[in-house]
Amino acid sequence: MKHSIELLIDASQIADQVKQIGAQISQRYPDPERPLVLVGLLRGSCLFLADLCRQLERPVILDFMNASSYGNAMQSTRDVRVLKDLDDDIGGADVVIVEDIIDTGYTLSKIREMLLLRQPHSLAICTLLDKPSRREVDVPVDWIGFSIPDEFVVGYGIDYAQRYRNLPFIGKVIPE
Ligand code: PRP
Ligand code: MN
Ligand code: MG
């Protein structure tokens, strides 16, 4: 599809929000003795996670899952497949799932249910972007960077057919 990209959220707006969320997460988990695990959902969350973890004023553990629902399509398939699980056990740990965007909610609700079975001390969810108008299943979200309208967005980790993840800003895809 022929398309162009239009700026939606610039790099400094993203950086400000990441800083604020980082400060709030640091406050929420003050005990450095209990492990805090940031779970990044591949691949979309990688840039957000990299910036967010550097704003935390305490040691954290980084772990990753890959639960692709879109593949290369523009629409959620609703069939969330776990392609890569966490490397470490999260039993007893404070866990924050870090996601780039919540759309239908299927990805996060599936991952959340899976991780709760492993009995973490707590489980929270942090997303950079939220598209509330697209939600099909309820998920409790603790931190949201930006709520956005129903536009197809790319950049700062988010792809269109695997492209554009490296854009330093969030843009919307405009069909031509
Ligand atoms: C995208 C996005 C979220 C998910 C949101 O991932 O990064 O993980 O879809 O959609 P949902 O709320 O409708 O489940 P995708 O499956 O495209 O994989 P990717 O992160 O590797 O791009
Ligand atoms: Mn994703
Ligand atoms: Mg994708």
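The values are calculated or read from the model by the stated rules, or taken from the named source; none is laboratory data. Since we're looking at a predicted model, the values are computed, not measured. Counting neighbours? That spans all protein chains shown, and the Cβs are built from the backbone with ideal geometry, glycine included.
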If you scan region 89-116, which residues turn out to be among the polar types (S, T, N, Q) and more than 16 Å from Leu42 (Cβ to Cβ)? Thr104, Ser109
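I'm trying to understand the selection: among the residues of region 70-93, which are small (Gly, Ala, Ser) and modelled with pLDDT of 75 or more? I'd like the intermediate steps shown before the answer.
Of all residues in region 70-93, those small (Gly, Ala, Ser) come to 71, 73, 76, 91-93.
Passing the criteria: Gly91, Gly92, Ala93.
Of all the strands (runs of 3 or more DSSP E) wholly in region 67-165, which have at least 2 residues that are away from ligand 3 (no atom under 16 Å from the Cβ)?
Numbers: elements: 81-84, 94-102, 122-130, 143-147.
Of the strands (runs of 3 or more DSSP E) lying wholly inside region 67-165, those with at least 2 residues that are away from ligand 3 (no atom under 16 Å from the Cβ) span 94-102, 122-130, 143-147.
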Being farther than 17 Å from Tyr29 by Cβ and either within 12 Å of the chain's Cα centre (by Cα) or among the hydroxyl-bearing types (Ser, Thr, Tyr) (or both) is the filter here, so list the residues in region 83-110 that pass it. Glu99, Asp100, Ile101, Ile102, Asp103, Thr104, Gly105, Tyr106, Thr107, Leu108, Ser109
Considering residues that are more than 16 Å from ligand 2 (Cβ to nearest atom) and surrounded by 15 or more Cβ atoms within 10 Å (Cβ to Cβ), the number found within region 104-120 is 1
